[in-house]
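Read the structure below first, then the notes.
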Amino acid sequence: MTTPGYQRFFAELKRRRVFRVMAVYGIVGFVLLQIVDLAVPALLLPEWTYRLVALFLLLGFPVAIVLAWAFESTPEGIKRTEEAAPGELGAILAAPASQRWPAGVAALVGVTALLGGVWYMGRQSAPASNADVATSGPVAASIAVLPFVNMSDDASNEYFSDGISEELLNLLAKIPELQVTSRSSAFSYKGQDVKLADVARELNVAHILEGSVRKSDTQVRITAQLIDARSDTHLWSRTWDRTLDDIFAIQDEIAADVVAQLQITLLGAAPTVAEIDPEAYALFLQARQTGRLFTEEGFERSNALYEQALEIEPEYAAAWTGLSFNNVVLANVGMRPLDEGYRLAREAANRALAIDPDYAPAHAIFGRIASNHDNDLAAAARHIERALELDPTNPEILDRASSFSASLGRLDQSIALSEYVVAHDPLGPNARFRLGNSYVRVGRLDEAIESYRAVLSLIPGGGVITNFALGEALLLDGELDEALQAMQQEVDEGWRWIGMPMAYHALGRAEESDTALAELIDKDEQAAAYNIAYVLAFRGETDRAFEWLDKAVEYNDPGLSGISTEPLFANIHDDPRWLPFLESIGKSPQQLAAIEFEVRVPQ
């Protein structure tokens, strides 16, 4: 009987020792990949080393097979393989299966090991998709800086311990190779008795930096410790006993030690803190902390502290920017005359940029001034683009970019930016609130409601405007009783006045709606002209709505910056006056589309 061709072919492979070469090549390749897996992090080699070695191994495999077929090793050296002698193949084919198959099995094992190693390396070194990032564990070079504990005898020195923590966080965030959790998420654990492993898991980081600060007059003791949350081990701990004059050197040393402990290879020079007069620095930290009370008294006290710091250190860009931000907020909420507040804000931002033209937060605040007060959208776009170019992962600047994108009607871009910030600042309320706003504007009401409720769970007492925003989403979703309840729970009286007329109107309680609207107009006519306009539009009073839009233009109401996508104006979109009005204020769809604003979600 004639032997089948495939059996003769496999017999020839065995005779030429091709199976043996395949087995040896596969096993050696697998071992080599394991060595590379260990050597890359130890020797700080680039990530692509994995893929390069795997590629060479795969390309070399068919070459090894061809060489094994064509050549053989003899006592006289490497020679071309001779044709099989008569009966040689027959002897191989006649051998029992137990003698014929081991070489093939060994070859299969070797090739499987090689391919498995290549697959594993590919999985290890391939960039994660967005979905993978959401579910995968933390990257090794990731850290959260928890608020340092105030160990001073004076409890009022807490602003200093919090400030040092935030400044360290900001310093580490300047290292592109290090993933740093945002302040709002890290500081949400302040005063809580939580396990560091739980914190790390919730923030999706591998390391935690924590510590304490004791301040007494000009003496400072700072203790810091770095913890690997994956193994719950202390990597490093250190204490500094210095004067305030050394506070910046301490921060630089902590950042350098973190880089060293995490074995981060920097592509550029390590960031350092700009040295400022220590007294001015302490005043700056206190001013920033006080402004976050978000009350008129808190802002005024914060401004006074910034001004004291600037008397000592006039070339302090961060203090000028903080002063600018405070005045914008005071003007927007009616605590200061609009033109006066924005004039002071512009002067302060100009001073900041004159001192440091590359100070990203100053560009961001200028973007807000240009958009909300000057109605100069092109200038706003330039400033926000520049801010992101200088500090591409700053969550506050990304939030500003998201807000501006929404005002241009580019809601997909706004949502993408906010979703990025939420993913990297999971316990921060601002980005979730911004995300809810964008969801409302594209009609994704269930997701908007979920976002606002998440914000309420993160902010004790609800925070300013969140219940109003939730009420708006519930109104548009037809959940009228829940909408009224949300409006009633709004902590800010002004926003409560704006929400109640709409909630009562939707429920058919016309008299109560009229009374609430009259109270709003009586108490907040100038500061809320834009809001009164959309209340009237929601109630179907088209003529009055346009009258109040004209007043909003007269008063230069900042709310007009977001008019193009505000759903509460839906009832008057078909009115022939709507598009001409938008065009008159530079907010028609064509005018907004012409604004060049190119930003990308960070990778």
Label-point separation, Glu202 to Glu554 (7 Å along Cα→Cβ), nm: 5.1 nm
Probe 1.4 Å, all protein chains present, accessible-area order of His234, His207, largest first: His234, His207
Positive-end residue, the range 145-270 charge dipole about Cα centroid, Cβ charges, pick of Phe187, Ser216, Ser152: Phe187
Exposure ranking of Lys215, Lys551 by accessible area [1.4 Å probe, largest first]: Lys551, Lys215
Packing rank of 139-149, 564-574, where each peptide gets the mean count of other beta carbons within 10 Å, highest leading: 139-149, 564-574
Cα-based Kirkwood hydrodynamic radius, the range 245-332, one decimal, Å: 14.5 Å
Accessible area (Å², 1.4 Å probe, nearest 10) - Arg577: 100 Å²
Solvent-accessible ranking of Ser403, Ser324, largest area first, probe 1.4 Å: Ser403, Ser324
Gyration tensor over alpha-carbon atoms, the range 144-226, equivalent ellipsoid semi-axes in Å: 23, 15, 10
Straight-distance crosslink candidates among aspartates and glutamates, where the alpha carbon sits under 15 Å from Lys190 and sequence neighbours closer than 8 are dropped: Glu158, Asp162, Glu166, Asp198, Glu202, Glu210
³J(HN,Hα), Karplus 6.51/-1.76/1.60, whole Hz, each residue of the range 379-386, x for Gly, Pro: 5, 4, 4, 4, 5, 5, 4, 5
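The values are calculated or read from the model by the stated rules, or taken from the named source; none is laboratory data. Only a predicted model underlies this, so the values are computations on that prediction, with no experimental measurement involved. Positions of Cβ are backbone-derived with ideal geometry, glycine not excepted, and every protein chain shown enters the neighbour counts. Accessible surface areas use protein heavy atoms only, side chains included; no ligands, DNA or RNA. Shrake-Rupley method; radii C 1.70, N 1.55, O 1.52, S 1.80 Å.
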